[in-house]
Amino acid sequence: MKKIGLIAMSAKPAHLGHWSLITKAASENDEVELFVSTSNRTRSGEIPIYGVDMEEIWNSYLVPALPPNVNANFGGSPIGNVYTFLESEEDKNAPENAYAIYSDPVDLERNFSTNALNNSVPLLLRNKQIKLQDVSREGGVDISGTAMRQFLANDEKENFLQYLPPISKDKKLAIWNILRTPIVTEQMFKKYVNMIY
């Protein structure tokens, strides 16, 4: 039997909590399909995280550090991509495979309900080939994307760096610089505009 882990994440930005989820799935499965969003995250009152920047960060610094049995996939809707992957697996009719979807309990219920899975992959569900693996923050790494974005916005470099995935300090600093550049540029622009007017 082949065990396949599935993870869907926005990761704006990717942090130690995401990494802990990935390494857990990698240790419990033969292979892991990781689906990552490359859309921009721009919300009123929050600093923007651009998909193109995160894709550069993943490809340059994070993908090389992933466990060898993790395959990173970028673009589209990560949740939709999990369903597409499962539908493709159902079409192959491989009853010996088992699939585990990893996420926190709230997202699992919201994104991968029994009804939704039954509409999409009834055979896999009926054969009990799909397992929902809830991984809560309690007992794990208690950090959120919101907190990471606040560290960026407030120029709290050390707090930000300590919650990045386990890569070298130089690579962490490179990630900081990539994600801080739009903020610094905007601050300089506002300062310049205020000086003129």
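Give me the percent of accessible area attributable to carbon and sulfur for the range 1-40, probe 1.4 angstrom.
Details: 620 of 1360 Å².
Answer for the range 1-40 is 45 percent, counting heavy atoms of protein chains only.
Can you divide the C-alpha Rg of the chain by 2.2 N^0.38 Å and report the result to two decimal places?
On the way: Rg = 18.8 Å, N = 197, 2.2 N^0.38 = 16.4 Å.
For the chain, the normalised Cα radius of gyration is 1.15.
Skip the ligands, DNA and RNA, and give the accessible area per residue of the range 1-83 with a 1.4 Å probe, whole Å².
So the range 1-83 comes to 42 Å² accessible per residue, rounded to a whole number.
Relative contact order for the chain using alpha-carbon pairs under 8 Å, separation at least 6, rounded to a whole percent? Don't skip to the answer; put the middle values down first.
Working: 272 pairs, mean separation 54.5, N = 197.
With pairs under 8 Å counted, the relative contact order is 28 percent.
Can you give me the relative contact order of the range 1-118 as a percent, contacts being Cα pairs under 8 Å and 6 or more apart? Working shown, then result.
Working: 157 pairs, mean separation 42.8, N = 118.
Relative contact order for the range 1-118 comes out at 36 percent.
Over 10 Å intervals from 0, what percent of Cα-Cα pairs in the range 23-119 sits in each interval?
13, 38, 37, 12, 1
Can you compute 3J(HN,Hα) from phi for each residue in the range 65-77, using the Karplus curve 6.51 cos²θ - 1.76 cosθ + 1.60 with θ = phi - 60°, rounded to whole Hz and x for Gly and Pro?
Calculated HN-Hα couplings, in order: 9, 5, x, x, 8, 9, 10, 8, 10, 10, x, x, 8 Hz.
Using θ = phi - 60° and the Karplus curve 6.51 cos²θ - 1.76 cosθ + 1.60, what whole-Hz ³J(HN,Hα) does each residue of the range 115-127 get, with Gly and Pro shown as x?
Values per residue, Gly and Pro as x: 4, 5, 5, 5, 5, 9, 9, x, 5, 4, 5, 4, 7 Hz.
The values are calculated or read from the model by the stated rules, or taken from the named source; none is laboratory data. These numbers come from a predicted model, not from an experiment. Side chains are part of the model used for accessible areas, which takes the heavy atoms of the whole protein and leaves out ligands, DNA and RNA. Shrake-Rupley method; radii C 1.70, N 1.55, O 1.52, S 1.80 Å.
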